[in-house]
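K.L.:
First the structure, then my questions, so here it is.
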Amino acid sequence: MTGALVIPALVATGIAAAFTLRQAWRHPSAARPVLILAGWAAVSALVVIAAIALGPARGPAFAMALMPAGALALVATGVKRREANGRVARSRALEPSLRGAKIWRGIIRTLVAAPLGCVVSLTLGIAWTVWFPSDPQTRIVLGGALVPVLWAGAMAWALTDDRILRPALTMIALTLAGAALIAIEGF
């Protein structure tokens, strides 16, 4: 078999093996052990055939990558989308609480998210740069790349958490811990 024939055969075997194993799971009977054995025998045989056709290194790798893709395709055919019972449809994005808006809450959230989030992310980025065991250039690049990721996480947490004091106190504690680490090692 050539490579062009092995790849579709791997996907098809994944589908067939998943089908037989699913039948064995869904319908327990006297034929259950036979179905389980047939499913795994098909998988094992095609891994060996793929190793012969594509080589001992690439064949099993292709088999282990493509047969689960076939099984996933079979599983995806049975997916059903259900609506929530009597609930409001929600988006997947994090949402702030449904409490009434107050101007002082918005100001505090903004101060915790933007400046305090920036300070904590810079402090932790510098602490990473100071303490990470590597070349100076690598430490500086990793520390600099860490800052926007930490800042984004801090902002998302501060803006979505119902209790604003929890992220604020945690960010202050992390800032103090990072500053202590920087002071211990020095620049």
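K.L.:
At a Förster radius of 30 Å, what calculated FRET efficiency corresponds to the Cβ-Cβ distance of ARG163 and ALA69, to the nearest 0.05?
P.N.:
E(calc), rounded to 0.05, equals 0.10.
K.L.:
Using the basic label-point model (7 angstrom from Cα toward the beta carbon), what is the ARG32 to THR77 distance in nanometres?
P.N.:
Result for the modelled spin labels: 2.4 nm.
K.L.:
What per residue convex hull volume, in Å³, do the alpha-carbon atoms of the chain yield?
P.N.:
Each residue corresponds to 236 Å³ of Cα convex hull volume.
K.L.:
Okay, moving on. Using a 1.4 angstrom probe, figure out how much accessible area the chain has per residue, in square angstrom, rounded to the nearest whole.
P.N.:
Here the per-residue accessible area is 68 Å².
K.L.:
Which percent of Cα-Cα pairs in segment 1-82 sits in each 10 Å bin, short to long?
P.N.:
20, 44, 27, 9, 1
K.L.:
Okay, moving on. Of MET64, MET155, MET171, which has the most accessible area with a 1.4 Å probe, and how do the rest follow in descending order?
P.N.:
Output order, biggest surface exposure first: MET64, MET155, MET171.
The values are calculated or read from the model by the stated rules, or taken from the named source; none is laboratory data. If you're wondering where the values come from, they're calculated on a predicted model, not measured in any experiment. Don't worry about glycine lacking a Cβ; one is built from the backbone with ideal geometry, like all the others, and counts go over all protein chains shown. Ligands, DNA and RNA are stripped out before the accessible areas are found, and what is left, the full protein with its side chains, is counted by its heavy atoms. Shrake-Rupley method; radii C 1.70, N 1.55, O 1.52, S 1.80 Å.
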